[in-house]
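Below is one structure, written out as structure tokens; the observations come after it.
The values are calculated or read from the model by the stated rules, or taken from the named source; none is laboratory data. What you see is a predicted model, and the numbers here were worked out from it, not measured in a lab. Using ideal geometry, Cβ is built from the backbone for each residue, glycine included, and neighbour counts are taken over all protein chains shown. Remember, those area values only see protein heavy atoms, side chains included, never the ligands or the DNA or RNA. Shrake-Rupley method; radii C 1.70, N 1.55, O 1.52, S 1.80 Å.
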Amino acid sequence: MRHGAILGAAWKLICIAVAGAACDPVVRSFDGEGASTGGPAEPEGECGDGRVDPGEVCEDGNTRDGDGCDSNCTPTGCGNGVVSEAEACDDGNTRDGDGCDSNCTPTGCGNGVVTRGETCDDGDPTDGDGCDSNCTPTGCGNGVITKAEACDDDNREDDDGCDSNCTPTGCGNGIVTTGELCDGEERCREDCKALIYLPTDVRGIRKFAGGEPFLLGFLAIKSGTEDRTVAEFSLHDLPPTSTSVQLSIDLQNIDAGGTEGSIDVYWYSADGVVNPDDFDAGEHYSRLPASASFQTVSVDVSSLVATLRMGFSSLGVRLSTATADRYNLDQQGAQPPRLEVLSR
């Protein structure tokens, strides 16, 4: 009912009350237009009546949704407030992050719209395709385990169980963590606790009684025919800050079980190449027990290395025995005499 009609009805009641008869005055509406109260008010239009009325964008004569003009007389489409085919929601706007996004899907990871808390959104929950199921770019440290990752704890920190290369914390994963001196380096010992430096040259030398020493094609230590093993190491290769260095020797005692054997260690300043004259080289440094059939024996040479570094480029080590046991240093799986750096 229009404003004029309302005023007209009110005026008519006043006329009857005062004059005792019906009257039919013309009144003015609040907008200044004349309105007669004598006839029925013009009905307002409704959506679906086939006529485009004020406030309507379209009118197709029905109230079906999804046919081009929806039941609210707006064109079918996302953002018109009517959920139609292919829409999961429609909140009447095209704002993102408000519960129903601009593509008429509920706000959330995987709907194809990047909203608050998301770095990416490719519209699917597949991992490893560039944008993972938590809406972060595929990669180590995003909390999603994808191809080539063994773990992913949502950070790039080391020593927390899953390291910055997305492998479990531990020796052999290429990341140096607590308790390790190295990891993944060519010289790194199998347990990640030492760096191994092999000799620049290592040879067996034999000398018969009354004869001249000569080089052997294998490594051995024994008395009698007098076989000795000599190794020379470059001091320049060692880390300059290394403070703990040991000499390690893999031995197979061929005569184990008899009298206790031992290995005598001699040292000398070397030139990096073993020659027959080194058969008698060096000063006595240490004696190591070697009675087991196979074992690795070690001796600390930290102070020796520190002293030689001040004026020499190579350390020579001669290994011999005064006991009756015979030792093989070439057995399968053995490494040659070596320096092992335990700190750097």
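Observations on the structure shown:
- Considering the range 247-262, and only residues there that are assigned to a loop (DSSP other than H, G, I, E, B) and within 51 Å of the chain's Cα centre (by Cα), the residue that is surrounded by the most Cβ atoms within 10 Å (Cβ to Cβ) turns out to be A256.
- Sub-7 Å Cβ pairs linking a first residue in the range 291-308 that is within 17 Å of L319 (Cα to Cα) and modelled with pLDDT under 95 to a second residue that is open to solvent by 60 Å² or more (accessible area, probe 1.4 Å) and outside any strand (DSSP E or B), at least 6 apart or interchain, are S291/E260, ordered by first then second residue.
- For the range 215-246, the set of residues classified as over 46 Å from the mean Cα position of the chain (by Cα) and part of a loop (DSSP other than H, G, I, E, B) consists of L216, G217, F218, S223, G224, T225, E226, listed by residue number.
- Of the residues contained in the range 294-315, none is found to be aromatic (F, W, Y), open to solvent by 20 Å² or more (accessible area, probe 1.4 Å), more than 27 Å from E186 (Cα to Cα) and assigned to a strand (DSSP E or B).
- Residue check, S269 loosely packed, with under 15 Cβ neighbours inside 10 Å and in a strand (DSSP E or B): no
- Residues of the range 203-222 classified as of a type in the set (A, V, I, L, M, F, W, C) and crowded, with 19+ Cβ neighbours inside 10 Å, total: 4
- The range 111-122 residues that are modelled with pLDDT of 95 or more, paired with ones that are open to solvent by 40 Å² or more (accessible area, probe 1.4 Å) and of a type in the set (S, T, Y) (beta carbon under 7 Å, 6 or more apart): V113/S102; T115/T107
Every residue, every condition in (1) closer than 27 Å to S244 by Cα; (2) under 17 Å from the mean Cα position of the chain (by Cα), yes or no:
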| residue | (1), (2) |
| --- | --- |
| E157 | no, yes |
| T178 | yes, no |
| E186 | yes, no |
| I196 | yes, no |
| K207 | no, no |
| E212 | no, no |
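- Qualifying positions in the range 161-195 - in contact with a Cys (Cβ under 7 Å, 6 or more places away or on another chain), among the acidic types (D, E) and open to solvent by 40 Å² or more (accessible area, probe 1.4 Å): D191
- Members of the range 144-160 that are among the aliphatic types (A, V, I, L, M) and surrounded by 15 or more Cβ atoms within 10 Å (Cβ to Cβ): V144, I145
- S234 at pLDDT 95 or above and either closer than 30 Å to E186 by Cβ or open to solvent by 20 Å² or more (accessible area, probe 1.4 Å) (or both): yes
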